[in-house]
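K.L.:
Could you have a look at this structure, given as structure tokens, before my questions?
The values are calculated or read from the model by the stated rules, or taken from the named source; none is laboratory data. All values derive from a computational prediction rather than experimental measurement. When we count neighbours, we look across all protein chains shown, and the Cβ atoms used for this are built from the backbone with ideal geometry, even at glycine.
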Amino acid sequence: MASRAMPRLMLLIVLVMSMACLPRIDAEHQPPSPWGLRIANLAKACFGLVPKNAGTPRQRAPRAISNVEYPSDRGPNGEEVLNVAAYRFVEIPEGELAQRREYLRGMLQRHSVRGTILLSREGINLFLAAPAPALRRVLAELRAVHGLQGADVKFSWSKEQPFSRSKVKLKREIIRMDIPTIRPGVEGRAPFVDPKTLNRWLDNGVDDEGREVVMLDTRNDYEVEYGTFDKAIDLNITTFSQLPATVEPLAGKLADKTVVSFCTGGIRCEKATIYMRQALSLDRVFQLDGGILGYFANEGGKHYKGGCFVF
């Protein structure tokens with residue numbers, strides 16, 4: 001009896017040790033480790049163990065995500081945790097970054113808000129969660145002090161707190177592309193198309209000038225697998241920094257078309273659009289305003305297949 005139990009015990013020990021080393025999925029949009037996913041699935045199948053943030057993504061089906069602050073302190077189904085995702089490209093002096101990080105750390109602790117804030121010279125990117133009153137106070141402070149006014153902000157509700165702690169990180173970029181000349185905070189926002197207009201274009205197959213419309217997915221391959229727009233170009237990249245080298249060979253093919261780049265919430269396709277206009281001289285490239293989530297909120301899931309990978 002004891003001998004038969006030994007392999008199971010050894011497997012349990014290996015799994016527990018492995019889970020301690022699994023990568024986390026956070027606001028940096030790092031891909032879940034395939035090995036981590038296998039370990040997590042095996043642990044769940046054998047022992048019912050599911051390590052928090054072990055690489056299992058959340059999948060959001062096409063449904064409304066509000067960009068208006070909720071007047072209620074509870075969600076439509078009684079949820080008590082309000083989640084917010086927001087970013088803004090705004091130039092922040094390098095000498096202020098460390099001081100801002102310490103201030104933001106204290107602010108999150110003071111209001112008992114969890115999640116991740118990324119700070120860099122090019123702006124701020126955040127994913128936070130807390131009861132609605134606390135989160136609203138934090139957002140008001142961010143808008144007043146830290147350049148979040150005018151940011152693209154999206155809200156959703158959850159029954160449980162999705163984050164285990166609060167983190168404020170200093171980064172070279174709030175979304176890594178490795179091309180220093182792409183500076184949305186200096187050059188201004190990339191040209192965009194709103195969800196309603198895009199829906200009309202996709203209905204017709206052409207834009208308002210009669211040019212063929214091509215959808216370009218700027219997300220990573222594991223995100224695209226969960227869902228994307230009909231006939232969208234999949235760049236098959238594993239990190240956003242691979243986009244420039246991958247999209248460059250497509251410049252000739254896209255030159256006579258209207259290209260709409262899209263991502264989950266807008267931050268990646270904003271940089272991608274500027275890059276394609278500047279480096280590839282494609283003057284009919286637009287970003288989808290608000291990303292996939294913004295499209296869901298305004299137009300539902302029309303022209304979209306599958307769900308949306310969210311972190």
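K.L.:
Residues of the stretch 176-197 being crowded, with 16+ Cβ neighbours inside 10 Å and among the basic types (K, R), which ones?
P.N.:
Listed by number, the residues that qualify are R176, R183, R189.
K.L.:
Quick check, is D230 surrounded by fewer than 20 Cβ atoms within 10 Å (Cβ to Cβ) and not assigned by TED's automatic domain parsing to the domain that holds A98? Walk me through it before giving the result.
P.N.:
On the way: surrounded by fewer than 20 Cβ atoms within 10 Å (Cβ to Cβ): yes; not assigned by TED's automatic domain parsing to the domain that holds A98: yes.
Here the answer is yes, as D230 does meet what is asked.
K.L.:
Quick check: is even one residue across the stretch 292-303 closer than 23 Å to F155 by Cα, of a type in the set (S, T, N, Q) and buried (at least 18 other Cβ atoms within 10 Å of the Cβ)?
P.N.:
Checking the stretch 292-303: not a single residue is closer than 23 Å to F155 by Cα, of a type in the set (S, T, N, Q) and buried (at least 18 other Cβ atoms within 10 Å of the Cβ).
K.L.:
Kindly indicate whether any position in the stretch 159-169 is hydrophobic (A, V, I, L, M, F, W, C), assigned to a loop (DSSP other than H, G, I, E, B) and closer than 23 Å to F296 by Cβ.
P.N.:
So in the stretch 159-169, the residues hydrophobic (A, V, I, L, M, F, W, C) come out as 163, 168.
Adding the requirement that they be assigned to a loop (DSSP other than H, G, I, E, B) leaves 163.
Among the residues that remain, those that are also closer than 23 Å to F296 by Cβ are: 163.
Yes, that holds for at least one residue.
K.L.:
Looking only at the stretch 275-297, how many residues end up being in a helix (DSSP H, G or I) and over 18 Å from the mean Cα position of the chain (by Cα)?
P.N.:
The first filter runs over the stretch 275-297 and keeps only residues in a helix (DSSP H, G or I), leaving 275-278, 291-297.
Retained after the next criterion (residues that are over 18 Å from the mean Cα position of the chain (by Cα)): 275-278.
Of the residues in the stretch 275-297, 4 are in a helix (DSSP H, G or I) and over 18 Å from the mean Cα position of the chain (by Cα).
K.L.:
Name the residue that is nearest to R100 (Cα to Cα), counting only residues in the stretch 126-149 that are in a loop (DSSP other than H, G, I, E, B) and more than 18 Å from the chain's Cα centre (by Cα). If you could, list the steps in order and put the result at the bottom.
P.N.:
Step one: list which residues in the stretch 126-149 are in a loop (DSSP other than H, G, I, E, B), which gives 131, 146-149.
Add one more test, that the residue is more than 18 Å from the chain's Cα centre (by Cα), and what stays is 131, 146-147, 149.
Details: P131: 24, H146: 8, G147: 11, Q149: 16 Å.
Result: H146.
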